[in-house]
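Here is the structure we will look at.
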Amino acid sequence: MGYVAVRGGAAAIENAEKFSEVRRAGGDATLLQPEQIREQLHLAVDRVMGEGSLYAPDLAALAFKQAAGDTFEAAFILRSYRTTLPRLGYSEPVATEGMRVIRRISAAFKDIPGGQILGPTPDYTLRLLDFELQDESVSQTRQRIQQLLRDTERLQPLPERFPKVVEMLRREGLLVQRHASGEDPGLADITRQAMAFPAPRSAQLQTLARGETGGMLALAYSNMRGYGSVHPVIGELRVGFLPVPFKNPRTGSVECIGEVQVTEAEVIARLTAAEGSARFSLGYGLCFGHNETKAIAMAVLDRAMSGGEPAAPSEDQEFVLTHVDGIESMGFCNHYKLPHYVTFQSELDRLRRIQARPGRPKDEQP
Amino acid sequence: MREAHSMNHDGRRSQKNYRNLLQALSRPGRVVRLDGPDGVLPFAAAVALAECLLDSEVGFCVIGNGSAQTLQTAIAGATGARTERLEAADFVFFSEAGSRGGARLAKRGGPESPEDGATLVYCLESQPAVVRDRFRVRLTGPGIPESSGIVPEISGIPLEEFQELVTINADYPLGVDAFFVRPSGEVMGLPRSTRIQVR
Amino acid sequence: MTPRMPSRASAPPADWRDSLPPAEGRYSYAFLDEGAKREIRRRMLKAVAIPGCQVPFGSREMPIARGWGTGGLQLTLALIGPEDVLKVIDQGADDSVNAVNIKKFVTRVTGVAVTTDTAAATLIQTRHRIPEEPLRPNQLLIFQVPIPEPLRLVEPSERETRRMHAEADYSRMWLYLYEDIVKFNEITVGARYPVLVNRRHLMDPSPIPRWDLPKLDRGEALFLFCAGREKRIYAVPPYTEVQPLAFEDFAFRVEAFAGRRCARCGSVGTYLDEVIDDATGRRTYSCSDTAFCEKALRGNSVKEARPSGEDRA
């Protein structure tokens, strides 16, 4: 009796939890330490922090371990932990021009003030399986890294701040002005208010910043491929650290209480004839951690939604913003595993009744 | 996960009071009783209501005679809510039984967001001078079992105020929702869905 | 081009556990913080004041997944107090895995008493059913709602459906039902049948079977609905008119069980689950409301399970 198996639940649930534990940690391998995850699987940790919308590398690493590497699940664990935290205050706005960058490139110009800084990227590495990592020697790896660090010491240090590439275009009057808040004078807070459409740009950017990387990529890709009109050029892509300035409630002075690593993308696209004058418009993407795919996809979507009448799904604000959240989409997708036999019975009743009606067209009869 | 089975005293009072407020609004015209915090008489019931619904996320406004200031200070102190112009307030408190035309100015929500309409709280006297007026009022609608309607259980609400609410809520679902509270803790709810007839 | 190695903002603490807040008192009573509770409480009042109207709220993430009852759960947690007695059902069953899981969580953060007895409960959280036993005035029934928008069937855009509700423009829903009749000579909507509340707002009653809709009409209890993922709260106060959409010549009909009774308790006139036996392939029927079935079985031991509750497949 298949359906009845979903009842009698308490013991079954407990066993299911135990079996998951066996799958996570039941093998012979050394148990993972969250610290190893935080350091060596940092891109996964960054993704979990971004989608979980909580900047907490240690907790994200822990969530990733607990979720056995499922980024949806790990972001979900982190997000639901986030809701239990009291909101103690708001940090001050910060300009990304002052970012302490580790990587910064522009595709729009061959050379840019301050120079192109490749930093850490696998973009130009051949994607060949590196069998040496199978039996990685701790001492050799450490040695290699130390040698590299010694070499870089002899180079000139990076400047404290880099000018923004898009500022050059803005000065020339080639960029259309867009405001962070759109029509709305205040800033929205998507964690406190349900979104109404059209949503202000602040709500749009917040939603995208914690959107699910894969989902956003698919939507942005559809636009780039042709279901849409954004032909993006990456004006500037930055990865680096931003200070978190916070006004001390006692003294009133602004203090830096820490740093967050972010990826920022600014894409430039020309306005279409329908959008008016011959100028460029900017799409903006920013997310926690090092996640270039997400930042670029975000910027493309932000730009795609800036036009008037949407001509493709990726340009429809309501369509994009209601479908990019991984916690929501994953939860709803999986809820179909819950029993639906009451509603199914109701459907059966309808179909049987229709089938039983006399005078049905012949071709529909079994 | 650490369990937290004990509710602090204020949290507990708010939870109980909220259940009564919910009861009051889903059974219009009936009286329920709130448990007020000490030391804020004669506005204990109003503050009890404020305590369980207001915080820094909403704006409120107090209208009325000399005691309005006392009430405003008590609410601000108990909730941390910000004071707001009458036209923009989420909660409007009248320190007496009538709104002096103030109810008319409270926000009623928009066609796509009727829920933005304000919540009005009228502070009635403990011993109303006129008690028989209420028999000229009939309430029907959601939450009221008798299709012929009922008489409001609480007395001391001026008939003009009922008339006022009829006018304000004529454009349902736009409108305001009202609570009438007495110092003793008695509360009666009158949501905008209630049809009011005054004879 | 200058290579430069990434560096973390600050060195991680020697023991990563140091950076975790202390476990003691990390979760407040009923999980939600007081601010979240107050917001939900305010929205619930507005929902009661405008029966059937969807009120948006800042839905919080819960430690159970979106789509698994986070809406109903948030209402339960915003309402619950030490004196409450909680019942949770899924598809009518108290011991369905999801119901058990939700009960486990709520008792863990509140310590309230739980029951399977409908009459003994003060709060009932439900997915897809209304208990068979009539509810009393002081009981609250909280529905988990997957899709709160009844018009989603005919219009995907929230912006557009919001307008339709504002103008009480439900013509497309009527047209949908009419076309159904033209095509199939029958309304094909199974569960989640659209209803008109207080003659004004079209409402999604959540995926309860049509069987349960009459219980919503002028019921004695307060019915509260919440969709966590879609961030909407709505309500049907007691003694409120709830009418399923129907045509004069095409009446609304509940599911037909052709006089079948429960194979277990023998009851007639309850919503039945159809169960197919592996070995024999025979179809049997039993009450979907398991607590009602238990009660009927205990109070009615004379009336044994009757073979008339079975049917050859």
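The values are calculated or read from the model by the stated rules, or taken from the named source; none is laboratory data. Everything numeric in this text was worked out from a predicted model, so none of it was measured. Glycine also receives a Cβ, built like all others from the backbone with ideal geometry; neighbour counts cover every protein chain displayed. Side chains included, ligands, DNA and RNA excluded: accessible areas come from the protein's heavy atoms. Shrake-Rupley method; radii C 1.70, N 1.55, O 1.52, S 1.80 Å.
List of remarks:
- Among A:325-331, A:157-163, sorting by the average number of other beta carbon atoms lying within 10 angstrom of each residue, highest first, gives A:325-331, A:157-163.
- Diffusion of the protein assembly as shown by Stokes-Einstein, at 37 °C in a medium of 0.692 mPa s and with Rh set to the Kirkwood radius over alpha-carbon pairs, works out to 108 µm²/s.
- Across peptide A:144-156, the mean count of Cβ atoms from other chains lying within 10 Å of each residue's own Cβ comes to 1.
- Test item: C:98-109 mean partner chain Cβ contacts at 10 Å: 3
- Trypsin sites (Lys or Arg not before Pro) within the stretch A:186-255: DSSP coil, no more than 12 neighbouring Cβ in 10 Å: A:250
- The interface between chain C and chain A buries about 6700 Å² of solvent-accessible area in total (1.4 Å probe, ligands and nucleic acids excluded).
- Accessible area per residue for the protein assembly as shown is 46 Å², calculated with a 1.4 Å probe on protein heavy atoms, without ligands, DNA or RNA.
- Checking the cross-link pairs A:110/A:294; C:46/C:215; A:164/A:247; C:87/C:295; C:46/C:231 against a 18 Å limit on the alpha carbon distance flags A:110/A:294; C:46/C:215; A:164/A:247 as lying beyond it.
- With one equal scatterer per alpha carbon and no solvent term, the Debye-computed log10 I(q)/I(0) for the stretch B:1-141 at 0.14, 0.15, 0.21 1/Å reads -0.74, -0.84, -1.50.
- Between residue A:126 and residue A:254, the FRET efficiency from the beta-carbon distance, with R0 = 45 Å, is close to 0.45.
- Proximal charge balance of residue B:78 [Cβ under 12 Å; K/R count +1, D/E count -1]: -3
- Helix B:68-79 vs. chain B, principal-axis angle (Cα, 0 to 90°, nearest 10): 50
- Among the trypsin sites (Lys or Arg not before Pro) in the stretch B:1-69, those located in a DSSP loop and surrounded by at most 13 other Cβ atoms within 10 Å of their own Cβ are B:2.
- Helix A:213-225 axis, angle to chain A major axis (alpha carbon atoms, nearest 10°): 80
- Qualifying GluC sites (Glu not before Pro) in the stretch C:104-207, DSSP loop, other Cβ atoms within 10 Å at most 13: C:167
- Counting only alpha carbon atoms, the long axis of helix B:159-168 and the longest principal axis of chain B meet at about 80°.
- A straight line joining the Cα centroids of the stretch B:75-91 and the stretch A:49-95 runs 33 Å.
- Peptide packing: for B:89-99, C:256-266, A:12-22, A:127-137, the average count of neighbouring Cβ atoms within 10 Å per residue gives the ranking B:89-99, C:256-266, A:12-22, A:127-137, highest mean first.
- FRET efficiency, 1/(1 + (r/R0)^6) with R0 56 Å, evaluated for residue A:161 and residue C:171 via beta carbons: 0.40
- Taking C:166, C:30, C:119 in turn, the Gaussian network model of chain C (Cα-Cα springs below 10 Å) assigns the largest fluctuation to C:166.
- Per-bin percent of Cα-Cα distances, the stretch C:166-304 [5 Å]: 2, 8, 14, 16, 17, 15, 12, 8, 5, 2, 0, 0
- Taken as Cα centroids, the stretch C:213-247 and the stretch A:276-312 sit 41 Å apart, rounded to the nearest whole angstrom.
- Beta bridges per DSSP with both ends in chain C, % antiparallel, nearest 5: 60
- The lysines within cross-link reach of residue C:183, meaning a Cα-to-Cα straight distance under 27 Å and a gap of 8 or more places when in the same chain, are A:362.
- Percent carbon-and-sulfur accessible area, the stretch A:2-82, ignoring ligands, DNA and RNA, probe 1.4 Å: 55
- Rel. contact order, % - alpha carbon contacts under 8 angstrom, at least six apart, the stretch A:78-206: 22
- The mean number of partner chain beta-carbon atoms within 10 angstrom of a residue's beta-carbon across peptide C:32-44 is 6.
- The lysines within cross-link reach of residue A:18, meaning a Cα-to-Cα straight distance under 22 Å and a gap of 8 or more places when in the same chain, are A:65, A:337, C:103, C:104.
- Charge sum, other residues only, whose C-beta stays under 15 Å from residue B:146's C-beta, Lys/Arg counted +1 and Asp/Glu -1: +2
- One chain, two ends: residue A:28 and residue A:111. Fully extended at 0.36 nm per residue, the span grows by 24.7 nm beyond their Cα-Cα distance.
- Taking the chain by itself as reference, the stretch A:78-111 contains these residues with an accessible-area loss of 40 Å² or more in the full protein complex (1.4 Å probe, heavy atoms): A:80, A:81, A:83, A:84, A:100, A:102.
- Computed FRET value (nearest 0.05) for residue A:43 with residue A:136, which takes r as the C-beta separation and R₀ as 22 Å: 0.80
- For the chain pair B and C, buried accessible area totals roughly 4100 Å², probe 1.4 Å, rounded to the nearest 100.
- Highest-first arrangement of C:239-245, A:38-44, C:220-226, where packing means the average Cβ count within 10 Å: C:220-226, C:239-245, A:38-44
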